[in-house]
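The values are calculated or read from the model by the stated rules, or taken from the named source; none is laboratory data. What you see is a predicted model; the values in this text were computed from it and never measured. Here the Cβ positions follow ideal geometry from the backbone for every residue, glycine too, while neighbour counts run over all protein chains shown. For the accessible areas, the whole protein counts, side chains as well, though only heavy atoms, and no ligand, DNA or RNA atoms are used. Shrake-Rupley method; radii C 1.70, N 1.55, O 1.52, S 1.80 Å.
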Amino acid sequence: MASYLPSKSLLTLRHLKDARLRLLGRPHEADFEPLRKLAIAMPVVVDVGANRGQSIESFRCVLAKPVIHAFEPNPVLSDGLKRRYPGVRVYAVGLGRATGELCLFVPRYGYTFWDTRASLDFSMARSFLKGEHFACFNERRAAVEELRVPIIRLDDLALTPNILKIDAEGMEASVLEGAFVTLESEPVVITEGCSDAVMQILSPLGYAPYRAEGTKIVAGSGGLNTYFLKHHHHELFLDEA
């Protein structure tokens with residue numbers, strides 16, 4: 001029988017790491033640090049690609065009483081989020097440019113499915129299956145399995161977030177193409193990386209790329225995460241204006 005998790009022991013180790021960071025008062029990625037200065041009480045956060053909850057932990061660490069809407073199409077991970085974070089609204093769906101159904105591609109090595117590396121993009125899921133991630137890597141033990149998942153547009157939910165974070169394993173532009181009405185509320189947008197496709201969507205709307213340097217925001221794309229801000233957003237970061 002194949003286990004449908006990276007294994008409970010691995011997830012337990014990751015949750016222990018989350019607990020340690022929580023005790024230290026640190027987010028899971030340093031790029032979240034500038035959000036401590038965000039001058040908004042109870043900000044509404046849309047977390048696209050919530051995975052196992054690491055971003056939820058980080059938002060709770062750096063923001064005052066955030067209201068979080070988390071999206072995770074992988075049913076194993078979304079069920080875990082619902083159990084672990086009863087105060088978070090968890091949506092067990094993917095987000096895209098249109099409502100429908102798509103394949104979620106889950107990397108499998110041997111008898112273990114690596115849910116945390118699943119993607120709606122086959123090439124992104126397949127890229128995880130290589131020697132740098134597995135000792136004594138054997139190509140014959142590697143495969144990508146398919147899981148059908150529901151897809152909706154973010155605009156279908158009529159949310160007005162202050163922060164829109166998207167980590168969709170290469171599908172960030174598709175998420176944004178279903179969120180043009182949502183973007184009218186002018187949220188701070190945080191994406192994994194800074195692809196040309198994302199720039200082509202956000203630049204005409206008046207957004208420019210910024211990166212985190214310690215607790216500050218500076219112009220330019222980030223190596224891991226990129227902030228997309230409009231000019232007036234600088235007023236929200238207390239000493240960044």
Can you name the condition, by its number, that Arg83 falls short on among (1) out of contact with any Phe, Trp or Tyr (no Cβ under 6 Å at 6 or more places or on another chain); (2) under 26 Å from Met42 (Cβ atoms); (3) modelled with pLDDT of 90 or more; (4) surrounded by 18 or more Cβ atoms within 10 Å (Cβ to Cβ)? (4)
Residue check, Thr215 against (1) β-branched (Val, Ile, Thr); (2) over 18 Å from Asp121 (Cβ atoms); (3) buried (at least 20 other Cβ atoms within 10 Å of the Cβ), all met but one. Which one? (3)
Candidates Gly170, Gly178, filtered to the one that is open to solvent by less than 50 Å² (accessible area, probe 1.4 Å), touching a strand residue (DSSP E or B) at 6+ places or on another chain (Cβ under 9 Å) and on the phi > 0 side of the Ramachandran plot: Gly170
Go through region 195-237 and report how many residues are among the aliphatic types (A, V, I, L, M) and touching a Leu at 6+ places or on another chain (Cβ under 8 Å). 7
Tell me which residues, restricted to region 219-241, are more than 18 Å from Glu192 (Cβ to Cβ) and at pLDDT 90 or above. Ala219, Lys230
Please state which one of Val67, Val106, Val76 is modelled with pLDDT of 90 or more and either of a type in the set (A, V, I, L, M) or under 26 Å from Asn225 (Cβ atoms) (or both). Val67
